[in-house]
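As structure tokens, the structure follows; a few thoughts come after it.
The values are calculated or read from the model by the stated rules, or taken from the named source; none is laboratory data. Not measured: the values here are computed from a predicted model. Note: ideal-geometry Cβ built from the backbone for every residue, glycine included; neighbour counts use all protein chains shown. In case anyone asks, the SASA skips ligands and DNA or RNA and just uses the protein heavy atoms, side chains included. Shrake-Rupley method; radii C 1.70, N 1.55, O 1.52, S 1.80 Å.
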2 protein chains.
Amino acid sequence: MVQKKRPTLYDVAKQANVSIATVSNVLNNKDEASEETIKRVNEVIKQIGYSRNESARSLKRGESKLIGLIVPDNNPFFTEILDGIQQECEYYDWQVVVANSEESEKRQNQLIELLSAQQVSGIILAPVSETLSTTKIKENAPIVLIDREVENVKLPVIKADNIDGCYKATKKLLKNGHKRIGLILASPGISTTVQRKQGYVEALSSQNIQIDEELIQFGGNYTGTKAQINGGYQAVMRMMNLPSPPTAIFATNHLLMIGALKAIKEQNLSIPKDISFIGFDDHPWQEISSPKLTIVSQPAFEMGRQAIHALHKLKTKDEVITASLPLKLIIRESCGTV
Amino acid sequence: MVQKKRPTLYDVAKQANVSIATVSNVLNNKDEASEETIKRVNEVIKQIGYSRNESARSLKRGESKLIGLIVPDNNPFFTEILDGIQQECEYYDWQVVVANSEESEKRQNQLIELLSAQQVSGIILAPVSETLSTTKIKENAPIVLIDREVENVKLPVIKADNIDGCYKATKKLLKNGHKRIGLILASPGISTTVQRKQGYVEALSSQNIQIDEELIQFGGNYTGTKAQINGGYQAVMRMMNLPSPPTAIFATNHLLMIGALKAIKEQNLSIPKDISFIGFDDHPWQEISSPKLTIVSQPAFEMGRQAIHALHKLKTKDEVITASLPLKLIIRESCGTV
DNA sequence: CTCCTTTACTTAAACGTTTAAGTAAGTTAT
DNA sequence: ATAACTTACTTAAACGTTTAAGTAAAGGAG
């Protein structure tokens, strides 16, 4: 594995008969060199295949061209966020280092430090807990929250308008005549869960329907794809064993939805004839599912883009942007009457 | 956005009454300090919350703790690979910067340089073309190929045994009595396509069945999820319009499969009654699909892990590991008789 | 008690940038 | 004609590590 040594500023400077400072200035478009010199330097750069040693640059500037992304898992939702982040990073000439907190707060905090040690320009964080240690925020890279918020610190946050999205979905089921609507939520400890529940509750309240806590089931206390799917499955099973089971079910994330649908199928219930259903997140396979699923769709890609934008604003103008992007209720067959 | 300055080796050294060299040695477990000093230094480190400036370290060592991952898109297959890579990187204390080549060779080559400029320890690359510029390999970070191989250079490669996997799948369809089997492939320019076709051809040849080129359709000349799905869709449409259409279809990647299934559905054909089907890649939603899909399953997570392992071996022992991991044919309902 | 080794350090240079400060020549203002 | 400014550079220090080379003290061998 003999790797050729990369040329440095010195090599360029020597060849172009200027000092390294001049080369550096040309590289950074500092406009302090003559047209001629700029041309000559650029030619040498191309000729000997020079490119910057970013470690050296980061050391001097105290900041690298990397930004960190910390997600709790690599499910398709976060992958789509990553996609948006990557696209927007293109513009700012940033690159993304991705880390997986596995829904563990301890790991999350370690990762923040690891990334800061890399001198990242900033961190996009989908936090796993309801609060965030303030020293973490003061002493490390600038942080923008994505998807989920925390209570104790004021940070930029790009999220979905979960309350409104779930309000709309629940309203739709109510409009279709349902009074007993089962709600399947992920783990209680994150803001999305709280807000999704709130949307549901507000919708029921708006029709003066009493909340039945037995119809609200948590299915996401576990981590991992299989466990989450199982959580959705078990949640439905519990509901259907109630003396008065729900006539409609709303599953508030993708994996919970898959588990829920599995349980419904096993119970030999037909959607939407026997039970109505609304799920979460739109993915390609839903084009071929039957019945076609009514779902709440999140603008994940756009969230990724805006998070990077918010990070840039935070860094350059100290502006704390927070955005709550609208969720779209995509009405298809599974919720009954369209 | 006033970010507190991170403490340096000097700060630790001063507090612990030693030189920075000693602190560095303690940090790197160089075992040249007394028990007492080690303890004292570690205490100070914890107390003032010191962690290394990785840019400085990378500059001095000529190598960072980052590894680059270049994928052509962020589809679930590559996400699972990323998962495996992240897990294995944990062990080597590496972090992953992900880049998306968007199936463009030009972009891929730019990314290799960008990552090398970051002094990455190595690059895991899913190449977009059949060859790779040799200067790229000589002058940049060590590269391990994943999923796809290239012809002109000898690099470690961790791939799936596509020939065997597709041979088995085709054989299964033949065993179930099919003679006219439609094959849907991605773009012609990558090794996986070539090998998947080869497996199919070998299976047919083993039964002395003549290859009908009209039954081999490329659906993946386009980039992007929608385009790929459409490619699968169009491929089926073309096949079904043949004078003598296939009685079975084998779609050799996930998105092509979804498009193919969509077309089959639209043609009002029932699987497996009217047409048999085998697809590619197992994902959670398939638990609730009907009919249950017979698919060729790739060990993506394991490929990611092994790629990192191969990279490490390449770096430490100059060993060029290549592995061709077995594909599993998971037989369910869609291919007819089980 | 000398010499040699080992232990436990310290000193100082180097990695490849960026940038503040300096300079020399040319241009403009008065 | 001289001062003041501008242009186009150069010099040198600094960022925070790692590491080769040096050193001083302690321990052991002869």
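When you check A:LEU82 against the structure, is it hydrophobic (A, V, I, L, M, F, W, C), within 9 Å of chain B (Cβ to nearest Cβ) and over 19 Å from B:GLN119 (Cβ atoms), yes or no? The answer is yes for A:LEU82.
Taken over the stretch A:245-295, the residue count meeting the criterion of being within 11 Å of chain B (Cβ to nearest Cβ), among the β-branched types (Val, Ile, Thr) and open to solvent by less than 10 Å² (accessible area, probe 1.4 Å) is 2. Selection of first residues in the stretch A:84-98 that are touching a residue at least 24 places away in the same chain (Cβ under 8 Å) and of second residues that are basic (Lys, Arg), restricted to Cβ pairs under 9 Å at least 6 apart or on distinct chains, gives the following pairs, ordered by first then second residue: A:GLY84/A:ARG305; A:ILE85/A:ARG305; A:GLN87/A:ARG305; A:GLU88/A:ARG305; A:TYR92/A:LYS65; A:ASP93/A:LYS65; A:TRP94/A:LYS65; A:GLN95/A:LYS65. For the stretch B:129-154, which residues satisfy the criterion of being within 13 Å of chain A (Cβ to nearest Cβ), open to solvent by 20 Å² or more (accessible area, probe 1.4 Å) and either in a loop (DSSP other than H, G, I, E, B) or not basic (Lys, Arg) (or both)? Those that are within 13 Å of chain A (Cβ to nearest Cβ), open to solvent by 20 Å² or more (accessible area, probe 1.4 Å) and either in a loop (DSSP other than H, G, I, E, B) or not basic (Lys, Arg) (or both): B:SER133, B:THR134, B:THR135, B:ILE137, B:GLU139, B:LYS154. Filtered by the rule that a residue be charged (D, E, K, R) and outside any helix (DSSP H, G or I), the stretch B:256-307 gives B:LYS273, B:ASP274, B:ASP281, B:ASP282, B:LYS292.
Any idea which residue in the stretch B:40-92 is farthest from A:GLU102 (Cα to Cα), counting only those that are at pLDDT 95 or above and of a type in the set (Asp, Glu)? Per the stated criteria, the residue is B:GLU43. One residue stands out among those in the stretch A:231-244 that are open to solvent by less than 10 Å² (accessible area, probe 1.4 Å) and within 14 Å of chain B (Cβ to nearest Cβ): the one that is farthest from the chain's Cα centre (by Cα), which is A:VAL236.
Here is a yes/no grid of residues against (1) closer than 17 Å to A:ILE264 by Cα; (2) in the same structural domain as A:ASN74 (by TED's automatic domain parsing); (3) of a type in the set (S, T, N, Q):
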position	(1), (2), (3)
A:VAL194	no, no, no
A:GLU213	no, no, no
A:ILE216	yes, no, no
A:ASN230	yes, no, yes
A:TYR233	yes, no, no
A:MET240	yes, no, no
A:PRO246	yes, no, no
A:ILE249	yes, no, no
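Regarding the stretch B:159-173, can at least one residue be identified that is open to solvent by 10 Å² or more (accessible area, probe 1.4 Å) and part of a loop (DSSP other than H, G, I, E, B)? Yes, that holds for at least one residue.
When restricted to residues that are within 14 Å of another protein chain (Cβ to nearest Cβ) and either modelled with pLDDT of 95 or more or in contact with a helix residue (DSSP H, G or I) (Cβ under 6 Å, 6 or more places away or on another chain) (or both), the stretch A:318-330 contains 3. Here is the figure for the stretch A:12-23: residues that are within 7 Å of DNA strand D (Cβ to nearest atom) and open to solvent by 100 Å² or more (accessible area, probe 1.4 Å) total 1.
The residues on offer are A:ASN74, A:ASN53, and the sole one that is touching an Asp or Glu at 6+ places or on another chain (Cβ under 6 Å) and either open to solvent by 40 Å² or more (accessible area, probe 1.4 Å) or within 14 Å of chain B (Cβ to nearest Cβ) (or both) is A:ASN74.
Per-residue answers, yes or no, for (1) closer than 24 Å to B:GLU90 by Cβ; (2) not assigned by TED's automatic domain parsing to the domain that holds A:LEU111:
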site: A:ASN17; (1), (2): no, yes
site: A:LYS30; (1), (2): no, yes
site: A:GLU43; (1), (2): no, yes
site: A:ILE67; (1), (2): yes, no
site: A:PHE77; (1), (2): yes, no
site: A:GLY84; (1), (2): no, no
site: A:GLU88; (1), (2): no, no
site: A:GLN95; (1), (2): yes, no
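When you check B:GLU102 against the structure, is it within 22 Å of B:THR192 (Cα to Cα), at the interface with another protein chain (Cβ under 9 Å from one of its Cβ atoms) and not in a strand (DSSP E or B), yes or no? Answer is no for this residue.
Considering only residues in the stretch B:58-67 that are within 7 Å of DNA strand D (Cβ to nearest atom) and more than 8 Å from every other protein chain (Cβ to nearest Cβ), the one that is least open to solvent (accessible area, probe 1.4 Å) turns out to be B:ARG61.
Here is the figure for the stretch B:1-11: residues that are open to solvent by 100 Å² or more (accessible area, probe 1.4 Å) and not β-branched (Val, Ile, Thr) total 3. Taking the stretch B:38-91 as the range and being among the charged types (D, E, K, R) and within 30 Å of B:LEU256 (Cβ to Cβ) as the test, the residues that pass are B:ASP73, B:GLU80, B:ASP83, B:GLU88. For the stretch B:111-124, does any single residue satisfy the condition of being open to solvent by 50 Å² or more (accessible area, probe 1.4 Å), more than 18 Å from the chain's Cα centre (by Cα) and within 30 Å of B:GLN228 (Cβ to Cβ)? There is at least one residue in the stretch B:111-124 that is open to solvent by 50 Å² or more (accessible area, probe 1.4 Å), more than 18 Å from the chain's Cα centre (by Cα) and within 30 Å of B:GLN228 (Cβ to Cβ).
Here is the figure for the stretch A:24-50: residues that are open to solvent by less than 50 Å² (accessible area, probe 1.4 Å) and near DNA strand D (Cβ under 8 Å from one of its atoms) total 5. For the stretch A:211-221, the criterion of being open to solvent by less than 50 Å² (accessible area, probe 1.4 Å), closer than 24 Å to A:PRO127 by Cβ and either part of a helix (DSSP H, G or I) or at pLDDT below 95 (or both) is satisfied by at least one residue.
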